[in-house]
Amino acid sequence: MVVAATTDKGTATREMILGRAYALASRKGLEGLSIGELAMAAKMSKSGVFAHFGSREELQLAVLEFGAQHFGERVFMPALREKRGLPRLRAIAHGWFDWVRENRHGCPLLASVNEYDARPGPQRDRVVAFMDQWRGITARAISLAVEMGELRADTDTRQFAFEILGITLALNQDTRLFDPKQARAQADRALERLITAYSR
């Protein structure tokens, strides 16, 4: 019982640290994340934080995993409960759009694409894996819409998924630089134009 309680406490502490780290990375990016600043945010010693991760690189990777898990819970899990075809596809796209709105001050997951796109290493590998997985899930939803006759039989699912991601990245930028409501309205219109184009 004592061991289990200790383990549970350690897990809770690690989750708390990751939550603080994610918040910091939202404003400064993963490269701007420091053990010292995180220790202050978590009200812990540097050695206490370091004991949970071992290195700054491991902390960055853990923050990416933390963000990806919450992204999946917020975006993909609800969408998978929707009816196959266009309802599910729209739910995925709108989930991405909602995620941007909820992280309007910065999303470490989307920011990491720019941070590590030209920097080989484990962080870049993890970002690439996440992005490929998310595109794959979206492409699968598109394939189901094709199978159900809601989209053209010759629809290039990977291209369609790429275009949805492009809308999301534009939305992410405009949400932070301009009027968030207008940016969302433009993203919604762009999505519907895509669906219409692939439906004809």
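Note on the chain: lysine pairs with Cα distance below 22 Å, sequence gap of 8 or more or different chains, count 4. Ranked by the mean number of other Cβ atoms within 10 Å per residue, highest first, peptides 35-48, 155-168 order as 155-168, 35-48.
Compute the distance from the alpha-carbon center of region 165-183 to that of region 67-139, in whole Å. Taking the Cα centre of region 67-139 as reference, the centre of region 165-183 is 15 Å away. In whole angstrom, region 111-163 maps to an equivalent ellipsoid with semi-axes of 30, 9, 7, each derived as √(5λ) from the alpha carbon gyration tensor and ordered largest first. Note on region 90-200: dipole from Cβ charges, positive end direction compared against Gln182, Ala161, Ala145; the farthest Cα belongs to Gln182.
This model, with +1 at the C-beta of Lys and Arg and -1 at the C-beta of Asp and Glu, gives the chain a dipole about its Cα centre of some 360 debye.
Sparse packing (at most 15 other Cβ atoms within 10 Å of the Cβ) combined with a DSSP loop state is found for the following trypsin sites (Lys or Arg not before Pro) in region 86-123: Arg104.
Solvent exposure of Asp117, expressed as accessible area, is near 90 Å², computed with a probe of 1.4 Å over the protein chains only. Taking 0.36 nm per residue of separation and subtracting the Cα-Cα distance, full extension of the segment from Ala153 to Gln69 would add 27.0 nm. Here the Karplus curve 6.51 cos²θ - 1.76 cosθ + 1.60, taken at θ = phi - 60°, turns the phi angles of region 76-82 into couplings of 7, 4, x, 5, 5, 8, 7 Hz, with x standing for Gly and Pro. Relative to the longest principal axis of the Cα atoms of the chain, the long axis of helix 56-71 lies at roughly 40 degrees.
With a ≥ b ≥ c taken as the square roots of the eigenvalues of the C-alpha gyration tensor of region 117-200, please select rounded if a/c is under 1.5 and otherwise prolate if a/b is larger than b/c or oblate if it is not? Oblate is the answer for region 117-200, as a/c is 1.5 or above yet b/c matches or exceeds a/b. Coupling constants for region 189-198 follow from the phi torsions by the Karplus curve (6.51 cos²θ - 1.76 cosθ + 1.60, θ = phi - 60°), and in residue order they are 5, 4, 4, 5, 5, 4, 4, 4, 4, 7 Hz; glycine and proline get x. Helical runs assigned H by DSSP (4 residues or longer) give the chain a calculated mean residue ellipticity at 222 nm of -25500 deg cm²/dmol, each run adding -39500 (n - 2.57) before division by the residue total. Residue by residue, region 142-147 carries 3J(HN,Hα) couplings of 5, 4, 5, 5, 5, 4 Hz when phi is fed to the Karplus relation 6.51 cos²θ - 1.76 cosθ + 1.60 (θ = phi - 60°); x denotes Gly or Pro.
The values are calculated or read from the model by the stated rules, or taken from the named source; none is laboratory data. In this text the structure is predicted, and so the values were computed from the model without any measurement. Note: ideal-geometry Cβ built from the backbone for every residue, glycine included; neighbour counts use all protein chains shown. Heavy atoms of the whole protein, side chains included, go into the accessibility calculation; ligands, DNA and RNA do not. Shrake-Rupley method; radii C 1.70, N 1.55, O 1.52, S 1.80 Å.
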